[in-house]
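What follows is calculated from the coordinates using simple rules that are stated; it is not laboratory data. In this text the structure is predicted, and so the values were computed from the model without any measurement.
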Amino acid sequence: MSVDEIRPGMKGIGRTVFQGTAIEDFNADILGVLKNSVAPKQDMILARLSGGPLAQTGVIAGMSGSPVYIDGRLIGAVAFAFPFAKDPIAGIQ
């Protein structure tokens, strides 16, 4: 899915491993898109993640690369975390 199609309020599903080898789903609520935020022509999708242990742990360092989908279409993967955020906010690229 193109970043131009992403809108705040959209709901996505991500997949990761929280423990062991079992792949689990987590929710991604899209907060918005930061244009040219990483570098010129490199946008970042901001999302609040939930599910699994995320409410207690925040975005876990090992989640980088976890794919995120909206309506079955890949929007990117978890690439950034904000360790001092009170909510599990992630940057998706």
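Do the sum for the chain: with -39,500 (n - 2.57) for every DSSP H run of n ≥ 4, divided by all residues, what is the mean residue ellipticity at 222 nm, to the nearest 500 deg cm²/dmol? Mind showing how you got there, number by number?
On the way: 1 runs with 4 residues, N = 93.
My calculation for the chain gives -500 deg cm²/dmol from helical runs alone.
Non-local amide H neighbours of residue 18 (under 5 Å, H modeled in plane, Pro and chain starts lacking H): which ones?
Result for residue 18 returns 24.
List every residue whose amide H lies under 5 Å from the amide H of residue 76, counting only residues 5 or more places away in sequence or on a different chain, with H placed 1.01 Å from N in the peptide plane.
Under 5 Å from the amide H of residue 76 lie the amide H atoms of 68, each far enough along the sequence or on another chain.
For residue 82 and residue 11 in the same chain, what is the full-extension length gain: residue separation times 0.36 nm, less their Cα-Cα distance, in nm?
Additional length available on full extension: 23.5 nm.
Stokes-Einstein D for the chain at 10 °C, 1.306 mPa s, Kirkwood Rh over Cα pairs, in µm²/s?
The diffusion coefficient I find is 121 µm²/s.
Given C-alpha coordinates of segment 41-85, what is the ratio Rg to Rh with the Kirkwood estimate of Rh? Before the final figure, lay out the partial values.
Values: Rg = 11.2 Å, Rh = 11.7 Å.
Ratio of gyration radius to Kirkwood radius: 0.96.
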